[in-house]
Each structure stands twice: as structure tokens, then as C-alpha cells.
Amino acid sequence: MSKINTFKTIDTYNSRILANYQQQLKQQQRLLKLIKRVLPEHLAEHISYCAISNQKLLIYTDSSVWSAQLRFYQQAMLETVVETNTAIIEEVKIRIIAQNNPPKNERELNMPSADNIKLLHDCGESIGDEKLKQALLRLSKTLDKLSS
């Protein structure tokens, strides 16, 4: 009879390190809720994370526009954290989290129509100047390859 392999979740292991991280995560989530309650709803939506580090309250937002507006509420956020005895805070720092924006589309080629490429080729064939003739023929050949 074959042994059935079961996958154990991380919660099944007793780890002090994991418990410490889970506790820090819960504290940050409580802090985030606390800070969001102080702010207007439209502004609270744009706070992604909160953390306390070296007596600083770190607020993470998604844009410099919201960062500028959050600065007006620094004192209110600071007072709220101090009143709840969550931690000793001396200042509020607002940080911007860079978004993973998809790369912009590369510049689209503005290709001439097949008729214009043929016309360019025909003009190249009829030109007397050899350098110009070769240049027009190479151009028409390249455009023809790119358009296919």
C-alpha cells in the first residue's frame, strides 16, 4: 500500500519566528485600521501599509498626490497613535510605494501602404542616379519586409 503524501500548512509548525512575524503583522493591521479611522474616507483608501520603526510612524501610499494630502493629517495621525498608547512616536513619515506599471507600448511604426511601397520601388527603378536608385530600392525592400 502506498503512503499518501499530505501537504502541511505553515500553521501546523510551532515556530517562534513565525509567531513573532504573525504578531508584528497583526499589530500593523491594527495600526492601519486606527490610522484609517482618523482620515477622510477618500484619503484612507490610498493608504496601503503602516508601520512603526525607530519612533517613527511610517505611512505608505500609492501616489505622490495622496502623499501631499496625507501631510495635512500628520498631527491627527500622530495624536491618535500616542493616545492609544500603541507606541512612542515622535514623527510621521509618508512614503510612496512604486506601482508595478506595465511597460509602455513601444512606439508604433507608421508603415506606408503596400501601394506606396510599390510606388517607391517603381520610382527607384526609373531613377538615373545610381546612389539614389540603390537607396530607394533598399528602402522599398526593407519596408516590404516590415509590412509582411
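The values are calculated or read from the model by the stated rules, or taken from the named source; none is laboratory data. All values derive from a computational prediction rather than experimental measurement. Cβ sites come from the backbone with ideal geometry, for glycine too, and all protein chains shown count toward neighbours.
Observations
- Any chance residue 118 is more than 30 Å from residue 36 (Cα to Cα) and at pLDDT below 90: no
- Pairs where the first residue, in segment 19-39, is at negative phi and the second is loosely packed, with under 12 Cβ neighbours inside 10 Å, C-beta under 7 Å, 6+ apart: 34/84
- Residues located in segment 56-93, provided they are of a type in the set (Lys, Arg) and under 16 Å from residue 43 (Cβ atoms): 71
- For segment 15-38, the tally of residues that are surrounded by 12 or more Cβ atoms within 10 Å (Cβ to Cβ) and of a type in the set (Val, Ile, Thr) stands at 2.
- In segment 96-103, the condition of being at pLDDT below 90, over 30 Å from residue 39 (Cα atoms) and within 29 Å of the chain's Cα centre (by Cα) is met by at least one residue.
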